[in-house]
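Right, one structure below, let's go through it.
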Amino acid sequence: MDGFIKVVKELPPEFALKEPFRVDCSKRKGQFDYIESVLPSLLKYQYISITPAMSQRRDRYPLNAKAALCQACYGALRLTRTLEQKAAELLEAIPKPFLSLHLRFEPDMVAYSQCEYPGLSPASKEAIEAARGDRKPWTGELARTWRKRGKCPLTPNETAFIFQALSIPTNTNIYLAAGDGLMEIEGLKSIYTNVVTKSALLSGEDFLNMHGNTKAALDYYVSINSDFYVATFFGNMDKMVAAMRAYKGLHNTLFLSRRAYAELTSKGLDGKELMQALWLAHKEDIAMGRGSALPDCFCDFKS
């Protein structure tokens, strides 16, 4: 809360032996205004307690309160000590400088999107079909509309093409922040040859026994400390990483536009013409240096 209010570890002597005046901030219908409901009690009694403190809808907070809440939460966020040590070990092993790429093209991700991809390997097709369950892929005009709305995950090959369009050198050190079972990865590695993964950099039984969420925490730690962060999707991990990077003042963050890629390819663009169009589609986000989807609270107090 530093910079917003003064936080003390112990109460001043004049308040230490007194009971605070309790202000009820329970949920209620309509707008709840802290200035009208809380400030008069604070001015009158000087020593109050607010209960429950976090029950109001956060969209009703004033902007400075939203910013304070974001700063407090992200400032307090930590990994466990053992996990942070393992993550620091991983970070140290990655060649510098490097780009962290959160690439989402696992079978369950593709199955959930209900998108179809021509030209995939038989192994990838089989893995996607096994993960589909009742989610059948869209067909015909519905499929084209769905893809143009940016609902289909970028393949590793499409990601590599966009990287080239953005003039990212092919010898860039890339840390692959991705889950198990990533498909068609050769589409990226055949062009960007300096791709490293946590499984290749870390060894030991403790890593082999890690479950998915723990491995994701390693990716999170590396990504918030990377020189550049690029995401091909906009999920919870990406929101957390982008916000924490903004909080830390690391604004080299970019979300690749699935919608732009789909719309441009649907118009028949390819080759250099497609690369130029993709560059223009991402130019503003690159110039801003912080991507296109940061939470409002960070945009308010981080410029």
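The values are calculated or read from the model by the stated rules, or taken from the named source; none is laboratory data. These numbers were taken from a predicted model, which means no experiment stands behind them. FYI the Cβ positions are ideal-geometry reconstructions off the backbone, even for glycines, and counts take in every protein chain you see. To get the accessible areas, we keep the full protein, side chains included, count just its heavy atoms, and leave off ligands, DNA and RNA. Shrake-Rupley method; radii C 1.70, N 1.55, O 1.52, S 1.80 Å.
Observations on the structure shown:
- In the stretch 124-147, the residues that are closer than 14 Å to MET109 by Cα, basic (Lys, Arg) and in contact with a helix residue (DSSP H, G or I) (Cβ under 7 Å, 6 or more places away or on another chain): ARG132, ARG135
- Condition check for LEU188: surrounded by 16 or more Cβ atoms within 10 Å (Cβ to Cβ), at pLDDT 95 or above and farther than 16 Å from THR265 by Cβ: yes
- Filter pass, GLY204 being loosely packed, with under 13 Cβ neighbours inside 10 Å, at pLDDT below 95, farther than 29 Å from ALA111 by Cβ and not hydroxyl-bearing (Ser, Thr, Tyr): yes
- Test: residue in the stretch 167-182 that is among the polar types (S, T, N, Q), farther than 23 Å from PRO97 by Cβ and open to solvent by less than 70 Å² (accessible area, probe 1.4 Å): no
- Among the criteria (1) surrounded by fewer than 16 Cβ atoms within 10 Å (Cβ to Cβ); (2) in contact (Cβ under 8 Å) with a residue 60 or more places away in the chain, the one LYS136 does not fulfil is (2).
This table checks each residue for (1) over 30 Å from ILE224 (Cα atoms); (2) of a type in the set (S, T, N, Q); (3) at pLDDT 95 or above; (4) surrounded by 14 or more Cβ atoms within 10 Å (Cβ to Cβ).
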position	(1), (2), (3), (4)
VAL23	yes, no, no, yes
PRO52	yes, no, no, no
GLY75	no, no, no, no
LYS96	no, no, yes, no
PRO118	yes, no, no, no
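- The stretch 209-265, residues that are out of contact with any helix residue (DSSP H, G or I) (no Cβ under 6 Å at 6 or more places or on another chain), charged (D, E, K, R) and open to solvent by 30 Å² or more (accessible area, probe 1.4 Å): LYS215, ASP227, LYS239, LYS248, ARG258, ARG259
- Restricting the stretch 1-15 to residues that are closer than 13 Å to GLN46 by Cβ and in a helix (DSSP H, G or I) leaves a set whose member that is least open to solvent (accessible area, probe 1.4 Å) is PHE15.
- Residue identified as at negative phi, at pLDDT 85 or above and open to solvent by less than 60 Å² (accessible area, probe 1.4 Å) among ALA65, ALA88: ALA88
- Count of the stretch 166-215 residues which are under 26 Å from THR80 (Cβ atoms) and among the charged types (D, E, K, R): 5
- Considering residues of the stretch 142-166 that are open to solvent by 60 Å² or more (accessible area, probe 1.4 Å) and touching a residue at least 60 places away in the same chain (Cβ under 8 Å) only, the residue farthest from ASP285 (Cα to Cα): ARG144
- Restricting attention to the stretch 198-216, the residues being among the polar types (S, T, N, Q) and outside any loop (DSSP other than H, G, I, E, B) number 3.
- Residue check, ALA130 surrounded by fewer than 17 Cβ atoms within 10 Å (Cβ to Cβ), aliphatic (A, V, I, L, M) and under 27 Å from the mean Cα position of the chain (by Cα): no
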